[in-house]
Amino acid sequence: MTARTDQEPSALYDIPGPKARKRHRIFSVLAVLVILVVHGCVLYLLFDTEQFTTVKWRPFAYTGIQELLLRGLGNTLKAFAYASVLSLVLGGVLAVGRLSEHRPVRWVATVIVEFFRAMPVLVMIFFVFVALQVHALPALVTGLTLYNGSVLAEVFRSGVNSVDKGQREAAYALGMRKTQVMVHVLAPQALRAMLPAIISQLVVALKDTSLGYLITYEEFLHAGKLIASNLDYDLPFIPVVMVISPIYIGMCMLLSWFAQWVSRRQRRNPKAEAAAVTRPEPGGLLPGER
């Protein structure tokens, strides 16, 4: 007799047997021990270098430093807001071009998307800031918009193409024009599928706003660097990083959590009440039947 397992078979991997499950448990325990050792070493080094003493944390109680951090955080959120909105707009325009039936329009949109997707974000930011001689905020927003807008264009195009072709054909059969089909039929259904990917790309844009400190934009990381450079004790960057990092991580985790929440909701089947169907009963013959 073969032993039954509670796990369902999968086409992606083989169901682990008793020995494999035992190895997995051992590897899991070893991994947890390694992580605990690493965390212990980090804490030991922090305490050994006296990073938790009052002298090193007292400056963060000053009103001036708090205002500087809040101003930097506000500038980060401002750059993110501009870049996210413009990226969505640019991504929509390029996606429409990629889906166009006119070959020249489609080629131009494809070249733009592929070019800016391949360019490093920092290179685009520096080029706009140095070559075009613009202020730091427009240079940062432009670099983020060009890169993230190109990525979002592919997200939008893939989302529209993922809608069942029958939806498009049925809409055309009803006499709808292409614009009406896109706006009223394809886009609403595609939005549900691509919303998690959109939010995930916005997380990337939020993290990339930290590149602004390289062009002297007074964002959150730049504020932390300015604070650390004015502290008069050893290793001043460590307390600053310990203050700034959780805030950055918290903002990114908030957006990531929202993306996961949206993804879970999209995977659920819509709630619908089953329509009552009467049991077929013998009736009269159809016309023409004997």
- prompt: Any residue at all in segment 141-148 that is within 20 Å of CYS252 (Cβ to Cβ), at pLDDT 90 or above, out of contact with any Cys (no Cβ under 9 Å at 6 or more places or on another chain) and among the polar types (S, T, N, Q)?
  reply: yes
task: Assess whether ALA109 counts as being at pLDDT 85 or above, more than 26 Å from PHE220 (Cα to Cα) and not basic (Lys, Arg).
output: yes
field: Residue in segment 232-249 that is farthest from the chain's Cα centre (by Cα), counting only those that are open to solvent by 30 Å² or more (accessible area, probe 1.4 Å) and aliphatic (A, V, I, L, M)
entry: LEU235
query: In the list ILE65, ILE26, ILE15, ILE35, which residue meets the criterion of being at pLDDT below 90, over 20 Å from TYR248 (Cβ atoms), of a type in the set (Val, Ile, Thr) and out of contact with any Lys or Arg (no Cβ under 8 Å at 6 or more places or on another chain)?
result: ILE15
statement: Okay, helices (runs of 4 or more DSSP H) sitting entirely in segment 61-142 with 3 or more residues that are surrounded by fewer than 15 Cβ atoms within 10 Å (Cβ to Cβ), I get 63-98, 103-118
- request: Output the number of the condition that GLU8 fails; it satisfies all remaining conditions of (1) modelled with pLDDT of 85 or more; (2) not in a helix (DSSP H, G or I); (3) not aliphatic (A, V, I, L, M).
  value: (1)
task: State the number of residues belonging to segment 143-176 that are open to solvent by less than 40 Å² (accessible area, probe 1.4 Å) and part of a helix (DSSP H, G or I).
output: 16
- request: Output the number of residues of segment 171-214 satisfying the condition of being at pLDDT 80 or above and of a type in the set (Ser, Thr, Tyr).
  value: 4
query: Across segment 250-261, what is the number of residues that are open to solvent by 80 Å² or more (accessible area, probe 1.4 Å) and without any contact (Cβ under 8 Å) to a residue 24 or more places away in the chain?
result: 4
field: Whichever residue in segment 181-231 is open to solvent by 30 Å² or more (accessible area, probe 1.4 Å) and among the charged types (D, E, K, R) and, among such residues, is farthest from THR63 (Cα to Cα)
entry: ARG192
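Residues are listed down the side, and each one gets a yes or a no for (1) of a type outside the set (Val, Ile, Thr); (2) under 24 Å from VAL240 (Cα atoms):
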| position | (1), (2) |
| --- | --- |
| VAL29 | no, no |
| VAL32 | no, no |
| VAL42 | no, yes |
| LEU46 | yes, yes |
| THR49 | no, yes |
| GLY64 | yes, yes |
| ASN75 | yes, yes |
| ALA79 | yes, yes |
| GLY97 | yes, no |
- prompt: In segment 41-60, how many residues are assigned to a loop (DSSP other than H, G, I, E, B) and either on the phi > 0 side of the Ramachandran plot or in contact with a helix residue (DSSP H, G or I) (Cβ under 7 Å, 6 or more places away or on another chain) (or both)?
  reply: 3
- line: A careful count of residues in segment 37-60 that are over 29 Å from the mean Cα position of the chain (by Cα), open to solvent by 90 Å² or more (accessible area, probe 1.4 Å) and of a type outside the set (A, V, I, L, M, F, W, C) gives 5
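The values are calculated or read from the model by the stated rules, or taken from the named source; none is laboratory data. Because the structure is predicted, anything quoted here is derived from the model rather than measured. Methodologically, a virtual Cβ is constructed for each residue, glycine included, from the backbone with ideal geometry; neighbour enumeration extends over all protein chains shown. The protein model used for the area step is the full one, side chains on, heavy atoms only, and it has no ligands, DNA or RNA in it. Shrake-Rupley method; radii C 1.70, N 1.55, O 1.52, S 1.80 Å.
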